[in-house]
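Bear in mind these aren't lab numbers, they're just calculated from the coordinates by the rules spelled out. This is a predicted model, so every value here is computed, not measured. Positions of Cβ are generated from backbone atoms using ideal geometry, with glycine treated the same way; all protein chains shown enter the neighbour counts.
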Amino acid sequence: MSNNKFSANAVFQRYEQKYILDSEQYSLLSAILSAHMQMDEYGLHTICTLYYDTDDYAIIRRSLDKPAFREKLRLRSYGIPGTEGMVYLELKKKFSGITYKRRVPLLAKEAENYLQHFEYPEVHSQIFEEINWFVHQNALSPKVLISYDRIALFGNEDPNLRITFDANVRWRDYDLDLTMGDYGALLLDGKRIMEIKTQTALPIWLCQIFSSLAIIPASFSKYGTVYRNYLSQREETSSNVK
């Protein structure tokens with residue numbers, strides 16, 4: 001899938017809320033939402049995200065403590081990029097419930113040269129300088145690659161209301177290169193991650209639907225779940241050996 005058809009928006013600011021759905025909830029909700037929302041132009045597509053952290057996973061450990069302010073660095077592609085494919089270097093911040101994303105588009109080889117060798121790409125923007133400051137404040141390296149298949153909807157009346165459904169969430173902590181593919185171990189057994197993205201409060205009709213289907217918010221982080229369920233145990237074992 002070509003990456004260049006996806007939005008290269010540099011800045012996002014919105015409220016985001018996650019939910020975990022079983023297959024029955026997803027089926028019922030999808031049927032109801034068809035009267036209020038429509039699928040975006042990309043249809044079903046795959047997102048691959050490479051997360052960066054310190055050797056002791058300080059960034060994700062701090063994020064799991066849920067401070068008022070937290071941030072993390074990731075490299076994202078839509079589909080599997082070639083070395084000349086487009087990727088997005090993104091700094092994601094969360095403050096008092098609002099998510100801020102600041103990102104720059106780069107060729108995959110440019111991103112690799114920058115993140116591994118500090119060879120600066122031909123990008124001169126305030127956003128890149130902000131990302132660059134964060135990179136240099138932390139000794140970062142790639143830790144986890146997470147991929148999933150996404151369907152995104154937007155509201156008929158309010159296009160800024162977006163709902164995404166992520167299925168087949170998979171992860172690996174080896175072959176940490178977006179160009180190598182989207183394979184990995186499954187993270188959730190048959191469940192989907194739904195995320196509401198909006199700049200305002202949820203509409204009443206959507207709240208009523210969620211209530212009727214017993215759909216409730218869930219605090220969930222893909223990278224955080226991988227760390228908590230798998231990597232923290234390995235880190236603890238490694239520390240004991242030392």
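Per-residue 3J(HN,Hα) values for region 215-221, derived from phi via the Karplus relation 6.51 cos²θ - 1.76 cosθ + 1.60 with θ = phi - 60°, read 9, 10, x, 9, 7, 8, 10 Hz in sequence order (x marks Gly and Pro). Axis angle, to the nearest 10 degrees, between helix 232-241 and the longest C-alpha principal axis of the chain: 30 degrees. Applying the criteria of a DSSP loop state and at most 12 other Cβ atoms within 10 Å to the GluC sites (Glu not before Pro) of region 46-98 yields Glu84.
Multiplying the residue separation of Ala68 and Trp205 by 0.36 nm and subtracting their alpha-carbon distance yields 46.3 nm. Calculated mean residue ellipticity, 222 nm, the chain: -7500 deg cm²/dmol, from DSSP H runs (n ≥ 4) at -39500 (n - 2.57) each, averaged per residue and rounded to 500. Couplings 3J(HN,Hα) for region 22-28, derived from phi with the Karplus relation 6.51 cos²θ - 1.76 cosθ + 1.60 (θ = phi - 60°), are 7, 5, 5, 4, 5, 5, 5 Hz, where x marks Gly and Pro.
Each Cα pair under 8 Å and six or more residues apart adds its separation to the average, and for region 11-235 the resulting relative contact order is 30 percent. Candidate values (1) 7, 28, 31, 19, 8, 3, 2, 1, 0; (2) 7, 30, 37, 21, 5, 0; (3) 8, 35, 38, 17, 2, 0 were compared with P(r) over Cα pairs in 10 Å bins from 0, in percent computed on the shown model; the agreeing label is (2). What chymotrypsin sites (Phe, Trp or Tyr not before Pro) does region 56-87 have in DSSP loop regions with at most 12 other beta carbons within 10 Å? Answer in residue order: no site qualifies.
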